[in-house]
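Notes to accompany the following structure.
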Amino acid sequence: MPSQTPRGLPYPLPTDPVSHGADDIRRLAEAVDALRAELAYTEHVAAVNLSGNGESTGANIVLGPAIALDGSPVLLEYFAPLIVTEAGSGARVSLCFLMDNASIGIAAQIRNETSVQAEKPVTIRRRFTPPAGSHAFGVRGWSSGGVPGVVYAGAGGSGAYMPGFLRVSRL
């Protein structure tokens, strides 16, 4: 296959012979798989009490390993099966993504509008382009007021919460 996209993905020209069709399709599938690769995946399987009241003083919920990046865009994804705020109108739980243990911005906030605890699952994503080099990503959370919120996760199975996770993928 003599042609390729700007990102290096090969593709056949209309005049290319199809004598090695199965091999060409396999090579194409391998090239696509390499472009959108999962770079890191880290689970947490226990509840985390959200201490602190801000981005710098919150509790680290999950921290991924350091990964080498080339300056291309990545997708950060985080999932937790249940987040519980403290009771009281206006109480809230906030989450931020971390890069090298520093916040890169508040990614989610659950605000309680009643006098009882708010309980929600959460999935957050952020596409961005970190600088080339070795970086570690994570998620930190905190709650307003004196009573901490909680991020719940478990090992899965009947009657148990699924794991929370952080995934970093190349785009």
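The values are calculated or read from the model by the stated rules, or taken from the named source; none is laboratory data. As the structure is a computational prediction, the values presented were derived from the model and not from experiment. Using ideal geometry, Cβ is built from the backbone for each residue, glycine included, and neighbour counts are taken over all protein chains shown.
Just a few scattered comments:
- Flag not set for Ser72, criterion: over 20 Å from Leu171 (Cβ atoms) and among the small types (Gly, Ala, Ser).
- A Cβ distance below 7 Å, combined with a sequence gap of six or more or placement on separate chains, defines the contacts here; from region 23-36, residues that are over 21 Å from Val168 (Cβ atoms) reach residues that are at pLDDT below 75 in the pairs Asp24/Met1; Asp24/Pro12; Arg27/Pro10; Leu28/Pro10.
- Boolean, Phe137 is touching a Gly at 6+ places or on another chain (Cβ under 7 Å), in contact (Cβ under 8 Å) with a residue 60 or more places away in the chain and of a type outside the set (A, V, I, L, M): yes
- Residue satisfying all of: in region 81-99; of a type outside the set (Ser, Thr, Tyr) and over 16 Å from Thr123 (Cα atoms); surrounded by the most Cβ atoms within 10 Å (Cβ to Cβ) among these: Ala91
- Residue in region 24-38 that is among the small types (Gly, Ala, Ser), modelled with pLDDT of 90 or more and not in a helix (DSSP H, G or I) present: no
- Selected residue (criterion: farthest from Ser134 (Cα to Cα)) from residues of region 60-78 that are hydrophobic (A, V, I, L, M, F, W, C) and touching a Pro at 6+ places or on another chain (Cβ under 8 Å): Val74
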